[in-house]
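Structure record follows, encoded as structure tokens.
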Amino acid sequence: YPAPEANGRSGIGISLYGTLLDSTGECAWFSQLGGYFGCFNTKTKQLENLVELPLGAAPRRLAIDKNDMIWVPLFGSGQLMKYDGAKKRKLAIYDLPDRASAPYTVIWDEQRKLVWVGTSNGDVIYSFNPATEKFGVLPLPRKNAYFRKLYVDPKSGDLIASYAFVPAGASTEAVVVIHPGF
């Protein structure tokens, strides 16, 4: 199935960048580098609900919780979007503590009811508490923590990621295991 074309945006803007399924398995949410995210209906095989973001917002790897709340890291604008996937509507946009931190990936932590935000330019991982709408900050032990993906170990609750600085082969590449302690 062809990706939707980005209105007047370059070819790289069409690039699909993150995909996850909702709780029904019928909506495959995806993001595109050019500033869109949306739902591809796996049952009807049709594109639904394409959400256009401002040029430069640059959504990256999405996360979803068990209630189909979608969390969208806005790499270019240094923000986190909360989007109701069931009702198909934007609920809020939150400014990260450092808008230049370039949020690249988010993951929902069911155990703690938090969103973890991996950055590409901040050498931190942010925690976001949807109940209080507040951010926490976990400083990292080394510089150049260009996180592409975060995982939460469902047994231990540890955060697991890798330093994946570009270009590949940079001396900062490493696996990171963080014990948040709460």
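Starting from the Cα gyration tensor of region 24-102, take the square roots of the eigenvalues, sort them a ≥ b ≥ c, and report rounded, prolate or oblate (rounded when a/c is under 1.5, otherwise prolate if a/b is larger than b/c, else oblate). Walk me through the numbers on the way to the answer.
Values: a/c = 2.44, a/b = 1.67, b/c = 1.46.
Because a/c hits 1.5 or more and a/b exceeds b/c, region 24-102 counts as prolate.
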### Task
Find how much the distance from residue 179 to residue 55 grows on full extension, using 0.36 nm per residue of separation minus their present alpha carbon separation; answer in nm with one decimal.
41.0 nm
### Message
Applying a 10 Å radius around every beta-carbon, put 130-140, 78-88, 152-162, 29-39 in order of their mean neighbour count, most first.
### Response
29-39, 78-88, 152-162, 130-140
#### Entry: Whole-percent carbon and sulfur share, accessible surface of the chain, 1.4 Å
54 percent
### Query
When only alpha-carbon atoms count, how far does the chain stretch along each of its three principal axes, as whole angstroms with the largest first?
45, 34, 26
### Query
Which distance in nm do the two modelled labels at residue 47 and residue 3 give, with both placed 7 Å along the Cα-to-Cβ direction?
1.1 nm
### Query
Rounded if a/c is under 1.5, else prolate if a/b beats b/c, else oblate: with a ≥ b ≥ c from the C-alpha gyration tensor eigenvalues square-rooted, which is region 89-176?
oblate
### Query
If you plug each phi of region 103-120 into the Karplus form 6.51 cos²θ - 1.76 cosθ + 1.60 with θ = phi - 60°, what whole-Hz ³J(HN,Hα) values come out, in order, with x for Gly and Pro?
x, 10, 8, 10, 9, 8, 9, 5, 4, 9, 6, 10, 9, 9, 10, x, 10, 10
### Task
Show the residues, 5+ positions off or on another chain, whose built amide H is closer than 5 Å to the amide H of residue 15.
33, 34
### Query
Do any GluC sites (Glu not before Pro) in region 1-95 lie in a DSSP loop with no more than 14 other beta carbon atoms within 10 Å, and if so, which?
5, 26
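With r defined as the distance between the Cβ atoms of residue 28 and residue 131 and R0 fixed at 22 Å, what FRET efficiency is calculated, to the nearest 0.05? Mind showing how you got there, number by number?
Values: r = 28 Å, r/R0 = 1.28.
For residue 28 and residue 131, the calculated efficiency is 0.20.
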### Query
Given the Cα-Cα distance of residue 91 and residue 156 and 0.36 nm per residue of separation, how much length would full extension add, in nm?
20.3 nm
### Query
Considering only protein heavy atoms, what per residue accessible area in square angstrom results for region 66-175 with a 1.4 angstrom probe?
48 Å²
### Query
Under 5 Å between amide H atoms, partner at least 5 residues away or on a different chain: which partners does residue 137 have, H built in plane at 1.01 Å?
127
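On a 32 Å Cα-Cα criterion, which of the cross-link pairs 45/155; 87/113; 87/134; 66/143; 43/82 come out too long? Can you show the working numbers first?
Details: 45/155 36 Å; 87/113 21 Å; 87/134 24 Å; 66/143 34 Å; 43/82 25 Å.
Those over the limit are 45/155; 66/143.
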### Message
List the residues, sorted by chain then number, that are 5 or more residues from residue 78 or on another chain and whose placed amide H is less than 5 Å from its amide H.
### Response
102
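The values are calculated or read from the model by the stated rules, or taken from the named source; none is laboratory data. From a predicted model like this one, the values you see are computed outputs, not experimental measurements. Note that each Cβ is placed from the backbone with ideal geometry, even for glycine, and that neighbours are counted across all protein chains shown. When the accessible area is computed, the model is the full protein with side chains, heavy atoms only, and any ligands, DNA or RNA have been set aside. Shrake-Rupley method; radii C 1.70, N 1.55, O 1.52, S 1.80 Å.
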